[in-house]
Amino acid sequence: MKDGKPVFNYEKIDKAIIKKKVWVVAECQGASGKLSVEIHENKGTNPENVYDNPVKFLDGETEKSNIEFSINETLVYAKEITLRPKSDQDLKKLIEKFNKRENVNAFLYFKAEVKDTQDKAIFPDDTHEFLNKENERFEISGTPCYCNRDITVDEMIELIYHLRDKQNYKSKRDAFFDGGKEKIIAIGITSGKISENRDKIKLFTDEMNAMFKKFSIKTCRRKIHFLGQMYLETISFTYTYESRDSVPDNYKGGVPFQGRGMKQITHDYNYLAYYDYVNKTTHYDTYIKYRSGYESVGECVKNRPKARENGLTETFYEELKTYAKNISENLFHAFNSAGWFSTIHKTDTIAAMDNGLADSDVEKVTQAINGGQTNITERKNYTKWTKELFKYDTECVNK
């Protein structure tokens, strides 16, 4: 309190999400008149407006289209609003308009007008856009959930801790991709807290977001399934390599082709298919054409002269073993291989993800990706806990 009046410290933010509450704080040096603030659309690079200006918001429980302050030499004027129209139907329409944009953020802005005053009103430009002191625009993201937007570093850190705490993973609560004989050094956290290593979590999150966009893993459902499965496959975000000295007999290609990456790609024929995807070659087609039964790529190379004549040679197979390490040691390939495997290579996965988030859906996704139900209890838990953090039931606009 100061002079019997409350003193507010407003945290400066440069962006917010639809449905969130924010304080609109204006500095006005005038002595009289009225300051009106509305939310309008800034077309940016988009050719057309999609909104009816001004955009409505909530003042308490009342829907409004503008805030009006009486200017009285107070200097600072503030009002808390909620960034949404009142009805859920109008909210859905608003979000649908956002989703029509190539870039769903940063095209709503605060517009200020001053009236009933003798003072001179000065604006940055003809738009009367309400900028902060650094002339920076305030961004409003068009979705309250995780659909059609990047996951932030803070959200990723929160998810990691949420999953660790749910599984009671106390001994390695702050470990992050620090295990295995092959690893991605750039993101490994071996000391300190995860929350204190934001640079490494940012590298991880940026690559993950890029992969989500590339492979159309854009909705909450798809992201929740992917993250739940990835958390299991990477042993709670600690391994990108299975690190076995010996492998089961059903591992085609043996030890050199054990699990790697964010989805733990296994078997030499899957590594071969990924190699072709990246390098635009057709060795996998050669293998499928000339193999006998379900023999491994290595067996095909050894036993099928026609395969060798068409480029599937022993020399190439040795090179494939070396190439495989990219998936466990290179951040791009760790995620790129996972996105490719979960969408392009295993085409049933997306449909299974889109079906829902019930335990039966997790089973279908696991079957599509894994070919079985290995560790299904953990996969269901990790998916359920990710869904909880995403607030899917109450926040997702596409459920």
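Reported count of residues in the stretch 73-99, each being polar (S, T, N, Q) and either in contact with a Leu (Cβ under 7 Å, 6 or more places away or on another chain) or part of a helix (DSSP H, G or I) (or both), is 3. Only one of the numbered conditions (1) free of Cβ contacts under 8 Å to residues at least 12 places away in the same chain; (2) hydroxyl-bearing (Ser, Thr, Tyr); (3) within 30 Å of LYS93 (Cα to Cα) is violated by THR347, and that is (3). Against the conditions (1) at pLDDT below 80; (2) within 29 Å of the chain's Cα centre (by Cα); (3) not in a strand (DSSP E or B), THR127 satisfies every one except (2). Restricting to the stretch 174-185, give me the number of residues that are surrounded by fewer than 15 Cβ atoms within 10 Å (Cβ to Cβ) and more than 15 Å from GLY261 (Cβ to Cβ). Adding up the residues that qualify gives 1. Only one of the numbered conditions (1) on the phi < 0 side of the Ramachandran plot; (2) open to solvent by 40 Å² or more (accessible area, probe 1.4 Å) is violated by ALA352, and that is (2).
For the stretch 356-399, a tally of residues being modelled with pLDDT of 95 or more, open to solvent by less than 40 Å² (accessible area, probe 1.4 Å) and outside any helix (DSSP H, G or I) returns 2.
Looking across the stretch 204-256, just one residue is over 11 Å from the mean Cα position of the chain (by Cα), assigned to a helix (DSSP H, G or I) and acidic (Asp, Glu), and that is GLU233.
Taken together, the criteria exclude PHE335 from residues that are closer than 22 Å to THR219 by Cβ, buried (at least 20 other Cβ atoms within 10 Å of the Cβ) and in contact with a Cys (Cβ under 6 Å, 6 or more places away or on another chain). Within the option set TYR275, TYR284, being touching an Asp or Glu at 6+ places or on another chain (Cβ under 7 Å) and modelled with pLDDT of 95 or more holds for one residue only, TYR284.
Might you check whether a residue that is under 24 Å from GLN258 (Cβ atoms), over 23 Å from the mean Cα position of the chain (by Cα) and part of a loop (DSSP other than H, G, I, E, B) occurs anywhere in the stretch 308-318? Looking through the stretch 308-318, at least one residue is under 24 Å from GLN258 (Cβ atoms), over 23 Å from the mean Cα position of the chain (by Cα) and part of a loop (DSSP other than H, G, I, E, B).
The lone criterion from (1) more than 27 Å from the chain's Cα centre (by Cα); (2) at pLDDT 85 or above; (3) not charged (D, E, K, R) left unmet by VAL22 is number (1). Taken together, the residues in the stretch 196-216 that are surrounded by 14 or more Cβ atoms within 10 Å (Cβ to Cβ) and free of Cβ contacts under 8 Å to residues at least 60 places away in the same chain amount to 8. When ASP285 is tested against (1) under 28 Å from LYS181 (Cβ atoms); (2) in a helix (DSSP H, G or I); (3) not aliphatic (A, V, I, L, M), just one condition goes unmet, and that condition is (1). Checking each residue in the stretch 76-106 for being closer than 26 Å to LEU35 by Cα and at pLDDT 85 or above picks out VAL76, TYR77, ALA78, LYS79, GLU80, ILE81, THR82, LEU83, ARG84, PRO85, LYS86. Any residue at all in the stretch 314-327 that is without any contact (Cβ under 8 Å) to a residue 60 or more places away in the chain and either open to solvent by less than 10 Å² (accessible area, probe 1.4 Å) or on the phi > 0 side of the Ramachandran plot (or both)? Within the stretch 314-327, one or more residues are without any contact (Cβ under 8 Å) to a residue 60 or more places away in the chain and either open to solvent by less than 10 Å² (accessible area, probe 1.4 Å) or on the phi > 0 side of the Ramachandran plot (or both). Collect the residues in the stretch 288-303 that are open to solvent by 60 Å² or more (accessible area, probe 1.4 Å) and part of a helix (DSSP H, G or I), keeping them in residue-number order. Across the stretch 288-303, the qualifying residues are ILE288, LYS289, GLU299, LYS302, ASN303.
The values are calculated or read from the model by the stated rules, or taken from the named source; none is laboratory data. This one's a predicted model, so the numbers in the text were calculated from it and none came from an experiment. Cβ coordinates were reconstructed from backbone atoms using ideal geometry, including for glycine residues, and neighbour counts include every protein chain displayed. Note: accessible area is taken over every heavy atom of the protein model, side chains too, but ligands, DNA and RNA are not part of it. Shrake-Rupley method; radii C 1.70, N 1.55, O 1.52, S 1.80 Å.
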